[in-house]
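Okay, so here's the structure we're looking at.
The values are calculated or read from the model by the stated rules, or taken from the named source; none is laboratory data. A quick note: this is a predicted structure, and the numbers were derived from the prediction, not measured. Every residue, glycine among them, receives a Cβ derived from its backbone with ideal geometry; neighbour counts consider all protein chains shown. Ligands, DNA and RNA are stripped out before the accessible areas are found, and what is left, the full protein with its side chains, is counted by its heavy atoms. Shrake-Rupley method; radii C 1.70, N 1.55, O 1.52, S 1.80 Å.
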Amino acid sequence: MAKIIVVTSGKGGVGKTTTSAAFATGLALRGHQTVVIDFDVGLRNLDLVMGCERRVVYDFVNVINGEGNLNQALIKDKRVESLFILPASQTRDKEALTMKGVAKVMEVLKKRFEYIICDSPAGIEHGAIMAMYFADEALIVTNPEVSSVRDSDRIIGMLSSKTRRAVQNLPPVKEHLLLTRYSSKRVNTGDMLSAQDVQEILAIPLLGVIPESKSVLQASNAGIPVTLDKNSNAGQAYLDVVARFLGEECPQRFIEDKKGFFSRLFGS
Amino acid sequence: MGFFNYFRATYPPKTATVAKERLQIIVAHERKQRSGQNSTLDYLPLLQKELLEVVRKYVAIADEHIKVNLEKEGDYEILELNITLPDPDNRST
Ligand SMILES: Nc1ncnc2c1ncn2[C@@H]1O[C@H](COP(=O)(O)OP(=O)(O)OP(=O)(O)O)[C@@H](O)[C@H]1O
Ligand SMILES: [Mg+2]
């Protein structure tokens, strides 16, 4: 059975697109047929982060409107077997993604892919609701920062009321907390919420922690999902997240500061 | 530097602690609002009005003689209903 996973947050700029690209790539690296869909109508960005912006011909809305077929719109990744991208439309019309249209595309994708990753736009409006509506599971991307945590809580509320699973009284969307842009150093000095703090407030299981890392910007500059950069700690953290998502035992490596107590005491 | 910072950071309330406390309060508040949207509290005024109408079929009472109150005690919600009846000689029947 295909699984639909929404990557969502409420607040903007917390790392949804970075996560969608990294997570989808990670699943495909494990040999799973994976497609990642950009739901950010009008602000297409996933194509850039995935490095396929020059290969976009037809987009999600074209497919819904019957202006191009799905096979023409799906972009096959050149680096990873079994990874595909469905780009967003640049139309200004935010209502272009209709429930019926999205449902139709999802039905076709479900026959062909094991994992369908939906990169949600920011906010709590139509676009965010469309991205989460058909989801079976959700990655709730959160920064250890007050406004992001509060918005994540609102999104959790919407997952349990505005999704297909909620509306049709099916088992609820399975939620996973993903803390990104985490600095264990700042947590240790007491000026950043810890993974445990955020997990306690939001009360959903923690799937993983992605450290704040320069390699994320470098990867997006180059159009390479960060999970393909073997030297990136953020990339390693995302690969761990994928492993845990697939049910493997994988200790949290990025919550604790790598430096010991003494270097914290005397070092920088 | 690092040495003194480490100790200095321990006594004023750390900003992360403040953040956590503020979040716990606002998140609890907003969750309550969300869950209240289609349950308990908003039916209370209507319940009070309808009860008043029923009681008035039998006894003449003023609006303030009926009190409907909802209280939370742990996991329970207690609906408290208080009707103050007027003196026997003032009764209509
Ligand atoms: N772990 C990280 N370390 C450092 N920078 C990061 C990390 N994760 C994301 N960023 C940076 O944060 C910015 C926003 O990331 P991204 O575009 O993925 O967020 P988003 O949630 O998709 O934003 P939007 O809400 O606008 O769609 C980017 O510049 C990205 O490089
Ligand atoms: Mg984005």
So how strong a dipole does chain A carry about its Cα centre when Lys and Arg Cβ are +1 and Asp and Glu Cβ are -1, to the nearest 20 debye? 320
Which aspartates and glutamates, on any chain, are close to residue A:76 with Cα under 15 Å apart, when same-chain ones fewer than 8 places away are left out? A:38, A:47, A:53, A:59
With 0.36 nm assigned to each residue of separation and the Cα-Cα distance removed, residue A:57 to residue A:183 gains 41.4 nm
Long pairs among A:110/A:174; A:174/B:14; A:11/B:72; A:3/B:32, criterion Cα-Cα beyond 25 Å: A:174/B:14; A:11/B:72; A:3/B:32
Compute the accessible area of each residue in the stretch B:14-32 twice, once for its chain alone and once with every protein chain present, using a 1.4 Å probe on heavy atoms, and list those whose area falls by at least 10 Å². B:14, B:15, B:16, B:19, B:20, B:22, B:23, B:24, B:26, B:27, B:30, B:31
So what's Rg/Rh here for the stretch A:207-258, counting alpha carbon atoms and using the Kirkwood radius for Rh? 0.98
Burial order of peptide ranges A:162-171, A:3-12 (average beta-carbon count within 10 Å, highest first): A:3-12, A:162-171
Of the accessible area of chain A, with the probe set at 1.4 angstrom, what percent is carbon plus sulfur? 51
Distance between Cα centroids, the stretch A:156-233 to the stretch A:84-120: provide it in whole Å. 23
What order do A:57, A:146 take when sorted by accessible area (1.4 Å probe), most exposed first? A:57, A:146
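How large is the helix-only mean residue ellipticity at 222 nm for chain A, computed as the sum of -39500 (n - 2.57) over DSSP H runs with n ≥ 4, divided by its residue count, in deg cm²/dmol to the nearest 500?
Details: 13 runs with 109 residues, N = 268.
Helix-only estimate at 222 nm: -11000 deg cm²/dmol.
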Qualifying aspartates and glutamates (Cα of each under 18 Å from Cα of residue B:57; at least 8 residues distant if same chain): B:87, B:89
Rounded to the nearest 0.05, what FRET efficiency do residue A:200 and residue A:126 have when you use their Cβ-Cβ distance and R0 = 41 Å? 0.80
For the residue pair residue A:253 and residue B:50, what label-to-label distance in nm results when each label sits 7 Å from Cα along the Cα-to-beta-carbon direction? 6.1
From highest to lowest solvent-accessible area (probe 1.4 Å; ligands, DNA and RNA excluded), A:176, B:29 read B:29, A:176
Determine the per residue accessible area of the protein assembly as shown with all protein chains present and a 1.4 angstrom probe, expressed in square angstrom. 54
With label points set 7 Å from each Cα along the Cα-to-Cβ direction at residue A:191 and residue A:166, the distance between them in nm comes to 3.7
Quick one, what does Rg over Rh come out to for the stretch A:1-141 if you take C-alpha atoms and the Kirkwood Rh? 0.91
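Could you work out the mean projected area of the convex hull around the alpha carbons of the protein assembly as shown, in square nanometres to one decimal? Spell out each step's value before the answer.
Numbers: hull surface 101.6 nm².
Over every viewing direction, the Cα hull of the protein assembly as shown projects on average to 25.4 nm².
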Over all alpha-carbon pairs of the stretch A:148-250, lay out the pair-distance distribution in 10 Å bins, whole %, shortest bin first. 14, 35, 36, 14, 2
List the residues of the stretch A:115-160 for which accessible area in the full set of protein chains is at least 50 Å² lower than for the chain on its own; 1.4 Å probe, protein heavy atoms only. A:146, A:150, A:153
Listed residues A:209, A:216 arranged by accessible area, highest first, probe 1.4 Å: A:216, A:209
Förster radius 30 Å - calculated FRET efficiency between residue A:108 and residue A:147, Cβ distance, rounded to 0.05: 0.20
